[in-house]
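**Q** Before I ask anything, let me first share the structure, which is written out below as structure tokens.
The values are calculated or read from the model by the stated rules, or taken from the named source; none is laboratory data. This one's a predicted model, so the numbers in the text were calculated from it and none came from an experiment. All Cβ positions, glycine included, derive from the backbone under ideal geometry; neighbour counts span all protein chains shown. Note: areas computed on protein heavy atoms with side chains; ligands, DNA, RNA excluded. Shrake-Rupley method; radii C 1.70, N 1.55, O 1.52, S 1.80 Å.
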Amino acid sequence: MAWRVTVDRGRCMGSGICTSLAASSFVLDGERSRPLGGGESTPDETVLDAADSCPAGAITVTEEGRVIGPRD
Ligand code: SF4
């Protein structure tokens, strides 16, 4: 089941935490992060870790329209 990953580039501050934690899922582009794979991801714990760790709360992960990351 695919996950949908989005980065709010207006909130992203370019910290690079997500690209460090999940290098196969995020890339810095013009000092802002964007998700790789067109924002589609196979279930991957590192993507949730990145969402949890984003200091700007810019990453959202959904599964079938339900927000699963960041986690509480
Ligand atoms: S962790 Fe958040 S603020 Fe840092 S680069 Fe990724 S999306 Fe941007």
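**Q** Leaving out ligands, DNA and RNA, and with a 1.4 Å probe, what % of the accessible surface on the chain is carbon or sulfur? Don't jump to the answer; show the numbers that get you there.
**A** Working: 1990 of 4120 Å².
C and S atoms contribute 48 percent here.
**Q** Something else about it: GluC sites (Glu not before Pro) within the range 1-71: which are DSSP loop residues with at most 12 other Cβ atoms inside 10 Å?
**A** The qualifying sites are E31, E64.
**Q** Name the residue farthest towards the positive end of the dipole of the chain from the options P55, I68, T42, assuming +1 on Cβ of Lys and Arg, -1 on Cβ of Asp and Glu, about the Cα centre.
**A** Looking along the dipole axis, the top candidate is P55.
**Q** Also: Express the accessible area of the range 3-69 per residue in Å², computed with a 1.4 Å probe while the remaining protein chains stay in the model.
**A** 53 Å²
**Q** Follow-up question, since we're still on this one. Considering all projection directions equally, how large on average is the shadow of the alpha-carbon convex hull of the chain, in square nanometres? The partial results should precede the final answer.
**A** Values: hull surface 16.8 nm².
For the Cα atoms of the chain, the hull's average projected area reads 4.2 nm².
**Q** If you don't mind, there's one more thing I want to ask. Summing -39500 (n - 2.57) over the DSSP H runs of n ≥ 4 in the chain and dividing by its residue number, what mean residue ellipticity at 222 nm do you reach, to the nearest 500 deg cm²/dmol?
**A** Result for the chain, helices only: -5000 deg cm²/dmol.
**Q** Under a GNM of the chain (C-alpha, springs under 10 Å), which listed residue has the highest mean-square fluctuation: V47, V61, V27?
**A** V27
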